[in-house]
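First comes the structure, then the notes that go with it.
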Amino acid sequence: MKKILLLAVSALMSVFCVAQTKNVTRQKSLVLYYSQTGTTKVVADEIRKLTGADIAVIELEKPYSDDFQQTIARCQDEKGKGILPVLKPLKADVSKYDVIYLGYPIWFGTYVPPVEALVKKVTFEGKTIVPFCTFGSGGLEVSVRDLRKALPKATVKDGYGVRTARKDAVSAEVDRFLKENGYIAGKVESLPDYSVQKPVTDAEKKLFDEACSNYQFPLGTPVTVGKRSTKAGTDYKFTVKSRGMDGKDAESVILVTVKKGAKAEFTRVIR
Ligand SMILES: Cc1cc2nc3c(=O)[nH]c(=O)nc-3n(C[C@H](O)[C@H](O)[C@H](O)COP(=O)(O)O)c2cc1C
């Protein structure tokens, strides 16, 4: 009997210890996200797994179509009429949580209309918001800036973003993001700064073109580049000249990574 009791206590202790190490801040956390085609859900599930947070989906009364063109058409129609999609009631009571991991795809350069509808309704006063997003090319920085404007009573942290084409990188990158920001326990390699920007060589231009070849739209011409070496390989930070949607000259930063023995990958655009 004594042995059974001891076993039960030790099992309970180990469950308790796992719960504690998952969430070092010991705050109550919720992963709250919208995903139309499942990419953002991959990140949401990873964050939930690593933090032990609760999870809830942002759902629409009338979901967007799975068809890209139809979604664009509906968004344009809604924008023209000045309306936002109607949300279903959230299945989580946001007021019970300290930290909200808020996830969304990037549409038209920033967070999706369903998240726009959410932040119009809920102030998230006193909450810590940790944004995460997925995108074809980029949009993390703009969406975080927009969230800070929309939620002045919340603390909106810098977030995590990943390209749809890089779903395979999510597990390692989310682990790193959560650890380096202290959301879960654990140490990560501290990365050096990029070297000073220098004009790109022909070899670096070729590497840039290879990295961007799986993206459907032209990303521009790399002008200068800075580099850093990591345990995994080499990261490149290109400054790129391109043409903006308004037809004017634009400049952006494009990150590329080359893991040892692997092909160059276009990580994201920073606008
Ligand atoms: C209507 C629409 C607009 C989009 N606009 C952008 C954009 O401005 N920038 C970008 O990088 N990706 C854009 N994308 C791509 C999505 O952000 C990307 O596919 C995302 O990972 C989808 O997430 P989900 O699978 O969770 O729905 C857009 C996609 C759609 C459907």
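Observations
- Straightening the chain between Gln76 and Thr221 buys 49.2 nm, computed as 0.36 nm per residue apart minus the Cα-Cα spacing.
- Contour excess over end-to-end distance, with Cα ends at Ser95 and Asp249 and 0.36 nm allotted per residue: 50.9 nm
- For the chain, averaging the sequence separation of C-alpha pairs within contact (under 8 Å, six or more residues apart) and dividing by the residue count gives a relative contact order of 15 percent.
- Computed accessible area, Asp45, all protein chains, 1.4 angstrom probe, square angstrom: 50 Å²
- Local electrostatic count, Thr234, Cβ distance below 9 Å [Lys/Arg +1, Asp/Glu -1]: +3
- Using alpha-carbon coordinates, inclination of helix 170-180 to the longest axis of the chain, degrees: 70 degrees
- Charge tally around Leu207: other residues with Cβ under 15 Å, Lys/Arg +1 each, Asp/Glu -1 each, net +3.
- Sulfur and carbon atoms: percent of accessible area, segment 96-247 [1.4 Å]: 52 percent
- Debye equation applied to the C-alpha atoms of the chain, log10 I(q)/I(0) at 0.09, 0.16 Å⁻¹: -0.49, -1.30
- Beta bridges per DSSP, both residues in segment 101-243: antiparallel share near 50 percent.
- Sequence-distant residues sharing a close amide H with Val200 (under 5 Å, placed H): Thr224, Val225
- Here the 3J(HN,Hα) profile of segment 39-51, calculated from phi with Karplus coefficients 6.51, -1.76 and 1.60 at θ = phi - 60°, is 5, 5, 4, 4, 5, 4, 5, 5, 5, 4, 4, 7, 9 Hz, Gly and Pro shown as x.
- Segment 26-180: antiparallel DSSP beta bridges as a percent of all, rounded to 5: 10 percent
- Within segment 155-176: backbone nitrogen closer than 20 Å to the Asp45 label point (7 Å, Cα to C-beta): 160-176
- Crossing angle, helix 140-150 versus the chain [Cα axis fit, 0-90 degrees, rounded to tens]: 60 degrees
- Theoretical gain in end-to-end length, Lys241 to Lys263 [0.36 nm per residue, Cα-Cα removed]: 5.6 nm
The values are calculated or read from the model by the stated rules, or taken from the named source; none is laboratory data. Bear in mind the structure is a predicted one, so any value in this text is a computation, not a measurement. In this analysis, Cβ positions are derived from the backbone assuming ideal geometry, glycine residues included, and neighbour counts consider all displayed protein chains. Please note that ligands, DNA and RNA were not included when accessible areas were found on the heavy atoms of the full protein model with its side chains. Shrake-Rupley method; radii C 1.70, N 1.55, O 1.52, S 1.80 Å.
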